[in-house]
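*Asks:* Take a look at the following structure, please.
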4 protein chains.
Amino acid sequence: MKRDVGAELNIEITDETTLEFQIAVAPQPGAQVTESLSFTLNGREIPLSEIHEISGEHGNRIHTFEAPVGNLEVKYSATVIGHADPPPVRDLDLSTYLRPSRYAEADKFFGFAATEFGDIADSVELLEKVPAWVGARLSYVPGSSDPIDGAADTLLAGSGVCRDYAHLVIALLRAVNVPARLVSVYAPGCQPMDFHAVAEAFVDGQWRVVDATCLAPRQSMVRIATGRDAADTAWLDNHKGSITVNNMVVTATVDGDLPRDAIEQLVSIR
Amino acid sequence: MKRDVGAELNIEITDETTLEFQIAVAPQPGAQVTESLSFTLNGREIPLSEIHEISGEHGNRIHTFEAPVGNLEVKYSATVIGHADPPPVRDLDLSTYLRPSRYAEADKFFGFAATEFGDIADSVELLEKVPAWVGARLSYVPGSSDPIDGAADTLLAGSGVCRDYAHLVIALLRAVNVPARLVSVYAPGCQPMDFHAVAEAFVDGQWRVVDATCLAPRQSMVRIATGRDAADTAWLDNHKGSITVNNMVVTATVDGDLPRDAIEQLVSIR
Amino acid sequence: MKRDVGAELNIEITDETTLEFQIAVAPQPGAQVTESLSFTLNGREIPLSEIHEISGEHGNRIHTFEAPVGNLEVKYSATVIGHADPPPVRDLDLSTYLRPSRYAEADKFFGFAATEFGDIADSVELLEKVPAWVGARLSYVPGSSDPIDGAADTLLAGSGVCRDYAHLVIALLRAVNVPARLVSVYAPGCQPMDFHAVAEAFVDGQWRVVDATCLAPRQSMVRIATGRDAADTAWLDNHKGSITVNNMVVTATVDGDLPRDAIEQLVSIR
Amino acid sequence: MKRDVGAELNIEITDETTLEFQIAVAPQPGAQVTESLSFTLNGREIPLSEIHEISGEHGNRIHTFEAPVGNLEVKYSATVIGHADPPPVRDLDLSTYLRPSRYAEADKFFGFAATEFGDIADSVELLEKVPAWVGARLSYVPGSSDPIDGAADTLLAGSGVCRDYAHLVIALLRAVNVPARLVSVYAPGCQPMDFHAVAEAFVDGQWRVVDATCLAPRQSMVRIATGRDAADTAWLDNHKGSITVNNMVVTATVDGDLPRDAIEQLVSIR
């Protein structure tokens, strides 16, 4: 499979600030990746030496830019040929991803999750039941949620976008003792096309991808960033000055037909 | 039916304060009530002229006492012979008790309630389904909840005491458009014996009592205070100084056998 | 003083529903009021006999309409000549408006309020300090808050609209033992003109109006609805069907110059 | 300086479960550490080969035990001679520890923190002002907080224990753009003696320790675990079965006098 993915961002920077981007695909060991990244400020291309790349915990790549006031154009594209090896399984991750996190507050869900799912001992079954439950209870409504909303807010509101679906899945799975985390992905076939967020759960000895929104086939997703929740995987973090995103275009395609997905399949992001 | 109810409270007042008690039974039009109330401070009985009785919105009686430092003993007892008329139906109440309140934040539950119960149009059916659902999801665990917990906290925690059960029932009913409120009651048969809290919902033209804890038969409950939630019905409110409740004994009995209750019956507090 | 106030609303009703309006001015004993109210559905005026008026707890007027599908035009206007008597002081209110409520969760603020304001014993001083503190900490940003936000959310967010300012003032005042409540008003001079929300606190034997937004002089406000918080004073409540507010125009003027207001004055809504 | 630290735990395991302990001191490069760890189940010592040690993100050591039903006795002691090198500074950490986390929800505090501390540009000054502010606003009250409480709850409640103080400090610092994290420590001099939690902030090129409780001198603290908040540093995590901690004794002493601490000093955990 050949996948072409990318993003074009136009950002107005009104105060000097530090920007962190997570838009480049994660390392894809075993696959062949060609990519291009450019930053253009007020029409002048910035040497990549001024862009600092930090390697995150799972190899996810954070591009940091000390941004002066001005108009910033960021363009990223990548072609991924073949499939990456399945994500590695590390002991520490199985501990870390059981812990409650900012938007997947599993510790608030112990009682609720035990009642709804406590009698299911098999994690393969949980991997099917929990997202089906979440998908049935939530409506996908762009604009219905806030960036500070966590899984508890989403459960009550009954609506949200992809990150909200994923956070609720993650909180519920952790609460019944299944390690789970968030992955931002390029998702060919996603409608509307945008950066997509899915859950990844440790089931039957592997990290399996879970998408309660069912917006795109999991088999062709390309991993960007992996973390506890959206606090770790934002495509843009701005901690200081004031900025405005004027425009954002995300692309993700496969050559040929999209793969067929079915909720009962165990799929890894590759 | 003859019901004997009462409470004995011993309170240490360490700072001068204003105390409000709601321990006397509400007016019981149609029934025959004899009662006795005494306040004793440091062993000396206080003339009832120093106790101010405020009549609440549904006739509930608030006894206010400007308390100096000292040890306060409060004793209340009442005998209720016969049954009161069913609670009156006022237009304003049907509006007020649809509104979200402090501990029954119905506005947070619109999405969740619509998914769980939105396809049930009949309020008689809702009156059976909602408390059954709440009763199945919560465990009665004394000490498991905080006084500042609302229905959303209770839903997640999966446990609570009578007021938590009632708040969750009320929030869910209001969210599907059934007026609902909290009633504090003396509840013969309740185990452990204590002040009890139940929900009251407007169904089929009358206010019907709902007790998702199923701790006591509804037919012999005696109404104390009625309001939006526990903020309106506390047996003791202390807004200023520091106090300690040393002891509290609640009694509630019927002559003869306790009535038999069944969840599918429509019962009013009388 | 002569005040002209009013509102014109255009509402699309897509499902049959019950609508409750609180747009008519409260009874103004001592002043002279002339008013007009009309409901027009799909271009045809509805006889006022089909509009049910419920009298709320403080005389506030709730106009209820069983709305079929269609386009509803509501027009209200009133002229108030002279000033109403100051709001009456009722024992029960002094108890009720100390209680925590949905959006003014005073019980969550006991610790915080005691630290910030606990050493101020005088309620006249609190009436000046609390709104000044709130006004300094919040930014007025339309669209920055959600309808389900309470005072705790507002404190953290540091921004909101008039109801958020009022809720935070009310929560803090109650937490330091000053009865406080919400009043919706027509507010001549308010920019942008809209239904306005202010707090009312019981200080020095009277209900005094508090407006931490300082958007309009308090002396010319006209009372609409009074209650615990915005749950009681919404200009429109819709509990069932789906509606869209197409348009809303609020007007409020005085003849002559606007009164001059100063934060240290004790003012009642009249 | 020579420090002797340790813990003795007695735990009743009523359901088979997996336990994770973080009670061993972190690697102390540059210092000399001798230590001993034993697990005894129902009076029989368990070979250390059955205890799995996972190395956490900052080298913190997680001891995992697949626990059958029974009584578990855990004993740990360590002697640390000399001081460890100051904690290393990694690029990724400066990004990670600006992110909001479960109990230090910095994203909820942006507005509030900007108002209280937004005009302080110097991180050295923030490091003094923020903990002083937190220390002045909170009361140390054992039992006053819940394990699910985050910094927002603590701010409102106005009370808590060491982890609550640290979470509020961390949330506020992150919200004004200072990387901050939680460290669990052995703290000689702490009264009452227990596992202690402090904040660590990146200021003036180094990680500096912040203890708003002022319960123990920072110079003699010994690092156990480092992470985003208490979700990462719990001395015991139990994700499955039911357990009871019967007893816990923590010890931490220095030879000679305790160091003198002063809030304006910049101190690193060593």
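*Asks:* Residue under question is B:ARG218, and the condition is that it be outside the structural domain of B:PRO29 (by TED's automatic domain parsing) and within 19 Å of B:TYR97 (Cα to Cα); does it hold? Quick ask: steps written out before the conclusion?
*Replies:* Details: outside the structural domain of B:PRO29 (by TED's automatic domain parsing): yes; within 19 Å of B:TYR97 (Cα to Cα): no.
The answer is no for B:ARG218.
*Asks:* Restricting to segment D:108-126, count the residues that are hydroxyl-bearing (Ser, Thr, Tyr) and either within 12 Å of chain C (Cβ to nearest Cβ) or closer than 29 Å to C:ASP164 by Cβ (or both).
*Replies:* Matching residues across segment D:108-126 total 1.
*Asks:* Mind listing whichever residues of segment A:54-81 are of a type in the set (Asp, Glu) and either surrounded by 14 or more Cβ atoms within 10 Å (Cβ to Cβ) or at positive phi (or both)? So that I can check it myself, show each step before the final result.
*Replies:* Step one: list which residues in segment A:54-81 are of a type in the set (Asp, Glu), which gives A:57, A:66, A:73.
Matches in segment A:54-81: A:GLU57, A:GLU73.
*Asks:* Could you check D:GLY143 against (1) surrounded by fewer than 24 Cβ atoms within 10 Å (Cβ to Cβ); (2) touching a residue at least 60 places away in the same chain (Cβ under 8 Å) and say which number it fails?
*Replies:* Of everything listed in (1) surrounded by fewer than 24 Cβ atoms within 10 Å (Cβ to Cβ); (2) touching a residue at least 60 places away in the same chain (Cβ under 8 Å), D:GLY143 misses just condition (2).
*Asks:* Among the residues of segment C:9-29, which ones are touching a residue at least 60 places away in the same chain (Cβ under 8 Å) and surrounded by fewer than 16 Cβ atoms within 10 Å (Cβ to Cβ)?
*Replies:* Of everything in segment C:9-29, those that are touching a residue at least 60 places away in the same chain (Cβ under 8 Å) and surrounded by fewer than 16 Cβ atoms within 10 Å (Cβ to Cβ) turn out to be C:GLU12, C:THR14, C:ASP15, C:GLU16.
*Asks:* Within segment C:217-241, work out how many residues are away from chain B (no Cβ under 12 Å), among the hydrophobic types (A, V, I, L, M, F, W, C) and part of a strand (DSSP E or B).
*Replies:* 3
*Asks:* Quick check on my filter: what residues within segment A:189-206 are crowded, with 24+ Cβ neighbours inside 10 Å and over 15 Å from A:PRO131 (Cα atoms)?
*Replies:* Scanning segment A:189-206 gives a single hit, A:HIS196.
*Asks:* I've got another one for you. Just name the residue that is nearest to C:PHE109 (Cα to Cα) out of those in segment B:148-185 that are without any contact (Cβ under 8 Å) to a residue 12 or more places away in the chain and aliphatic (A, V, I, L, M).
*Replies:* The qualifying residue nearest to C:PHE109 (Cα to Cα) is B:ILE148.
*Asks:* When you go through C:SER55, C:SER49 one by one, which is the residue that is without any contact (Cβ under 8 Å) to a residue 24 or more places away in the chain and more than 22 Å from the chain's Cα centre (by Cα)? Full working, then the answer.
*Replies:* Details: C:SER55 fails: more than 22 Å from the chain's Cα centre (by Cα).
Result of the check over C:SER55, C:SER49: C:SER49.
*Asks:* So, one more: Among what's in segment D:207-216 and is aliphatic (A, V, I, L, M) and assigned to a strand (DSSP E or B), pick the residue that is farthest from D:LYS129 (Cα to Cα).
*Replies:* D:VAL209
*Asks:* Would you be able to say whether some residue in segment C:104-111 is in contact with an Asp or Glu (Cβ under 6 Å, 6 or more places away or on another chain) and under 22 Å from C:VAL203 (Cβ atoms)?
*Replies:* yes
*Asks:* Now for a different question. Take residues that are in contact with a strand residue (DSSP E or B) (Cβ under 6 Å, 6 or more places away or on another chain) and within 12 Å of chain B (Cβ to nearest Cβ) and tell me which of the strands (runs of 3 or more DSSP E) falling wholly in segment C:7-98 contain 1 or more. Even if it seems obvious, please write down each step before you answer.
*Replies:* Details: elements: C:17-21, C:32-41, C:52-55, C:61-67, C:70-81.
Filter on segment C:7-98 gives C:17-21, C:52-55, C:61-67.
*Asks:* Return a yes/no flag: does segment C:127-134 have any residue that is in contact (Cβ under 8 Å) with a residue 24 or more places away in the chain, within 14 Å of chain D (Cβ to nearest Cβ) and surrounded by fewer than 16 Cβ atoms within 10 Å (Cβ to Cβ).
*Replies:* Taking every residue of segment C:127-134 in turn, at least one turns out to be in contact (Cβ under 8 Å) with a residue 24 or more places away in the chain, within 14 Å of chain D (Cβ to nearest Cβ) and surrounded by fewer than 16 Cβ atoms within 10 Å (Cβ to Cβ).
*Asks:* Condition first: more than 10 Å from chain D (Cβ to nearest Cβ), hydroxyl-bearing (Ser, Thr, Tyr) and part of a helix (DSSP H, G or I). Now tell me which residues in segment C:135-185 satisfy that.
*Replies:* Result: C:TYR165, single match.
*Asks:* Which residue out of D:ALA7, D:ALA31 is aliphatic (A, V, I, L, M) and under 30 Å from D:ASP91 (Cα atoms)? It would help to see each step written out before you state the result.
*Replies:* Numbers: D:ALA7 fails: under 30 Å from D:ASP91 (Cα atoms).
Sole residue among the options that is aliphatic (A, V, I, L, M) and under 30 Å from D:ASP91 (Cα atoms): D:ALA31.
*Asks:* Please go through segment D:112-132 and give me each residue that is more than 22 Å from D:GLN206 (Cα to Cα) and part of a helix (DSSP H, G or I), ordered by number.
*Replies:* Hits for segment D:112-132 are D:PHE112, D:ALA113, D:ALA114, D:THR115, D:GLU116.
*Asks:* Out of all the residues in segment A:121-135, is one or more touching a Lys or Arg at 6+ places or on another chain (Cβ under 8 Å) and closer than 24 Å to D:ASP93 by Cβ?
*Replies:* no
The values are calculated or read from the model by the stated rules, or taken from the named source; none is laboratory data. None of these values were measured; they are calculated from a predicted model. Note: ideal-geometry Cβ built from the backbone for every residue, glycine included; neighbour counts use all protein chains shown.
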